[in-house]
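The values are calculated or read from the model by the stated rules, or taken from the named source; none is laboratory data. None of the values given here were measured: they were computed from a predicted structure. Methodologically, a virtual Cβ is constructed for each residue, glycine included, from the backbone with ideal geometry; neighbour enumeration extends over all protein chains shown.
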Amino acid sequence: MTSHLLTGLMSRPPKRPIDELGHPPSVTIRPATDADRTAVAQLAALDSRRAPCGETLLAFVDGALQAALGLDGDIAVADPFRPTDGIVQLLRLRATQQLGDRRSTKAARVRRAAACR
C-alpha cells in the first residue's frame, strides 16, 4: 500500500508557485532596449554564456529579469538558480509569433547574423 501512495504522490504535477496572498507570479515579455544591456550581460554571466545580440526578448517574473532570448541566433540565457525552462519556452513561442515568416527567409537570417558582429 505504501508504494501505491508514493506512486500517486510522484505522478502529481508540481504546484504552481504563489505569493503570500495566493497570487500566481506575473510574467512580462518585452523587447530589450539599450537600457537593458547591462542586465542582460549580468544574466548571461550568471548563466556562464555569451549574451544574445541583436533583437532580444526579455522575460521578467514579478519584475525580475529571469531570461533573455536572442532572435537572431535563438540563443537563450536564464537565471540558473530559478526554474526557468517554462519561461524560456514562452520566449521561444513569442519569438515564433513575432518573427513569423521573417525567420525563414535567408536574407533575414543574414541580416540578423550581421547585427551580432
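A few points about this structure:
- The listed residue being over 15 Å from PRO31 (Cα atoms) and either at pLDDT 85 or above or outside any helix (DSSP H, G or I) (or both), out of ARG117, ARG102: ARG117
- Residue within the range 15-38 that is among the aliphatic types (A, V, I, L, M), out of contact with any strand residue (DSSP E or B) (no Cβ under 9 Å at 6 or more places or on another chain), part of a helix (DSSP H, G or I) and at pLDDT 95 or above present: yes
- Residue match in the range 76-85 (condition: surrounded by 14 or more Cβ atoms within 10 Å (Cβ to Cβ), among the charged types (D, E, K, R) and at pLDDT below 95): no
- Output for the range 53-99, where each listed residue is part of a helix (DSSP H, G or I), within 14 Å of the chain's Cα centre (by Cα) and not aliphatic (A, V, I, L, M): ASP85, GLY86, GLN89, ARG92, ARG94, THR96
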